Structure formats: C-alpha cells, structure tokens
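K.L.:
Here's a structure for you.
The values are calculated or read from the model by the stated rules, or taken from the named source; none is laboratory data. Just so it is clear, the structure is predicted and the values come from calculations on it, not from any experiment. Quick reminder, even Gly has a Cβ in these numbers, built from the backbone with ideal geometry, and neighbours come from all protein chains shown.
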Amino acid sequence: MKALRRNQDTGLALTIGVLSGLIGYFVGMPLPWMLGPMIGTTIAAMARLPVRGPGKLRPFVIPIIGVLLGSGITAELFGQLSSWAATLILLPLFLCAAAGVSYVVYRKLGGYDPVTAFYAAMPGGLNEMLLLGAAAGGNEKKIALAHAARVFLVVVLVVAYFGIFLGVRSGAGGRGFVPLSALSALDYVILAGCAALGSIGGKWLNLPAAPVFGPMILSGIVHVAGMVHTAPPSVIIIAAQIVIGTIIGARFVGSTVREILRDLGIAAVATAGMLAIAVLFAEGIAHFMGMPLSQAFLAYSPGGLTEMSLLSLTLGQDFAYVSVTHIIRITLIIAIAPTVFRWLLRRD
C-alpha cells in the first residue's frame, strides 16, 4: 500500500513537472524543461500537495546529461586549455570569498549552528555536503534545503542576469532538435554503453561528480574518434531535464510554507552574495583574458554541475570550459571542506 502511494505521489510530481515544462516552453522560458518543473514542483510542495521526487530515476538520467556534454567535445577543444589557466588559478580564491560570505549569512542572519552554517554555505554538491554535514553533526534538513534553494536560485538568477544585463537569450548558438531517427541502432548501443560504463567506472575511480563526468569522458572519446557523430535525441534529453527539475523542486516537500520561505530568503541573500562575487571575478577574467563575460560568469556561478552545464548549452556558451571549472570546484570543496571546517570551528 505504501509503495503504491509513493508511486502515485511520484506520478503526480512528474505530471506537474511535464505540464510546467510545457508551460515554460510555450512562454519562451530559458531552459524550460528543467526550470519549469523546478518552479512547478516547488509550488506544489509549498501547497502541501502529495508530490514525491522521482529519485529512483536520477541514476539513469544524470549519465544521459554526461553523454550529451561529451557529444560536444572536439579535438580542437584541447588547444584551448591554456586559455583557462587564469580561471582555474583564481578559482580557490573565489571559493574562499563566496563561501565566507555565505557562511556569515547563515550564521548571523539565519542563526544556524556552526556545523550547519558551514556545510550549507559550501558551494559543493548537495549530496556530498549533506553527507559531510550530517557526519559532522549538522542539521541535515537545513543543509539540504540550503543547497536545494541555492541550485534553484542560481538557475533563476543566472537566467535573469543573462537576459537583463548581458542581453543573451535562450537558443543563441544552441543545438537543433535531434530526432530519434538521427541515430542508428549501433549509435544507441555505444551511447548507452558510455552512460552505463562511464557512471560505474567514474564511481570506481572516485571521480568528482562521477555520474556526469564519467559518461562525459567516454562520450567525448567516442565522438572525437568518430564512432558516433550525433548527440543523444532531444526527446531523451528533455525527459532527463524534466526529471532533474522535478527532483530539485520536490526537495522542499515536508517543510512548512514558513520554513521554505524563511530558508529561501536566507538562501537568496547568501546566493546573491556569491553571485555578486562571481560577477567581480568574471569581470576580471573577461578583462585580462579577453574572454566573454557571459562565459566566465557561468563558470563561476555556484550552481550544480548538471544545471550549469545545461545552461551553458542552452545559452550558447562554451560548455566544456564551464563544466571543467565546476568539476574542479566540486573536487576542491570536497577535498578541503572537512579540514577548513575543523579550523573554523576552533576559531568560532
């Protein structure tokens, strides 16, 4: 009976996600198939509707995004690596500044305890920060809500920044629709293998963001080698985005409207502070490296790897540059967060 109820709740969430995605698409929303379900399921959660995120589908859809990202890798890409040096060198400094501002917001404005505030403030992956924060004795619910709100708000605010301040609209330089018939049976087998083997191998090798990064590497290899010449079909990518957006929005389930609004408000202040710092760093990199401001800003925006990579594709930016920067960001946060936390806790 409980399993049936869970399936019904998941079905309702996906239905809301699909309808919200369609609305987002028809009104011209950027990244409609992810942003629409995010907003729709968040509203449903606040309205106390019985929705449940399709978490069991996540291990299947995230590698699909990795395969999509890998399909855009070309041999010419490796010649651009030297131009990314300044971004990667300044990245640790950016992380210190952004996380520091966010930590102060959660401690002073939110009144969070030091453990919860620290792991809520770290611009790393939600799952990783939740595990580390719980192990250190933090409030799991507040940490989860903080990161869900950060990812949600970063996507919304970045889209607004691109449209209002940079004049960049969805679809600029984006890919065309790829029909199911564009791939042969062998193409499907190869790309499915990249998704499955990349995800498993990435976890075995302890790669950062393994479900995305592993398939991305294998997909890049087969596309550069000429084994496959086409990206995954658009219908499959749209379905993956709907699932991801629905999962993000459904993370607010179980919280009262007051809790959600309070945590969203605190997260909004922290996220705005991190994005302001991202703009400053991006301005510097764009000025000294002759790089488009939009590209540098996306690389430093503290959203999730999957979400920011999809945004870079939708907005016609260099997704490889953006993806690599976010992979390194997540790796650095996971590697140094526990050590920095112990030092900060002693001083606090």
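K.L.:
So which residues in region 139-162 are at pLDDT below 80 and basic (Lys, Arg), if there are any at all?
P.N.:
Answer for region 139-162, where residues must be at pLDDT below 80 and basic (Lys, Arg): just Lys141.
K.L.:
Return a yes/no flag: does region 227-236 have any residue that is in a helix (DSSP H, G or I), surrounded by 23 or more Cβ atoms within 10 Å (Cβ to Cβ) and more than 15 Å from the chain's Cα centre (by Cα).
P.N.:
Checked against the condition, which is being in a helix (DSSP H, G or I), surrounded by 23 or more Cβ atoms within 10 Å (Cβ to Cβ) and more than 15 Å from the chain's Cα centre (by Cα), region 227-236 yields no hits at all.
K.L.:
Taking the condition modelled with pLDDT of 85 or more and not acidic (Asp, Glu), does Leu166 pass?
P.N.:
Against the criterion (modelled with pLDDT of 85 or more and not acidic (Asp, Glu)), Leu166 does not qualify.
K.L.:
Among the residues of region 217-226, which ones are among the β-branched types (Val, Ile, Thr) and either outside any helix (DSSP H, G or I) or at pLDDT 90 or above (or both)?
P.N.:
Ile221, Val222
K.L.:
While we're on this one: Out of Ala192, Ala196, Ala182, Ala209, I need the residue that is free of Cβ contacts under 8 Å to residues at least 40 places away in the same chain and either closer than 21 Å to Gln241 by Cα or charged (D, E, K, R) (or both). Which one?
P.N.:
Numbers: Ala196 fails: free of Cβ contacts under 8 Å to residues at least 40 places away in the same chain; Ala182 fails: free of Cβ contacts under 8 Å to residues at least 40 places away in the same chain; Ala209 fails: free of Cβ contacts under 8 Å to residues at least 40 places away in the same chain.
One residue alone meets the criteria, Ala192.
K.L.:
Take region 111-148 and flag every residue that is charged (D, E, K, R) and buried (at least 20 other Cβ atoms within 10 Å of the Cβ).
P.N.:
Of everything in region 111-148, just one residue is charged (D, E, K, R) and buried (at least 20 other Cβ atoms within 10 Å of the Cβ), namely Lys142.
K.L.:
Right, something else. In this structure, does Val104 turn out to be β-branched (Val, Ile, Thr), within 25 Å of Gly284 (Cα to Cα) and more than 21 Å from the chain's Cα centre (by Cα)?
P.N.:
yes
K.L.:
Assess whether Pro63 counts as being farther than 22 Å from Ser294 by Cβ, surrounded by fewer than 18 Cβ atoms within 10 Å (Cβ to Cβ), modelled with pLDDT of 90 or more and out of contact with any strand residue (DSSP E or B) (no Cβ under 7 Å at 6 or more places or on another chain).
P.N.:
No, not satisfied.
K.L.:
Taking the condition of being within 18 Å of Ile65 (Cβ to Cβ) and not in a helix (DSSP H, G or I), how many residues in region 180-209 meet it?
P.N.:
Count: 4.
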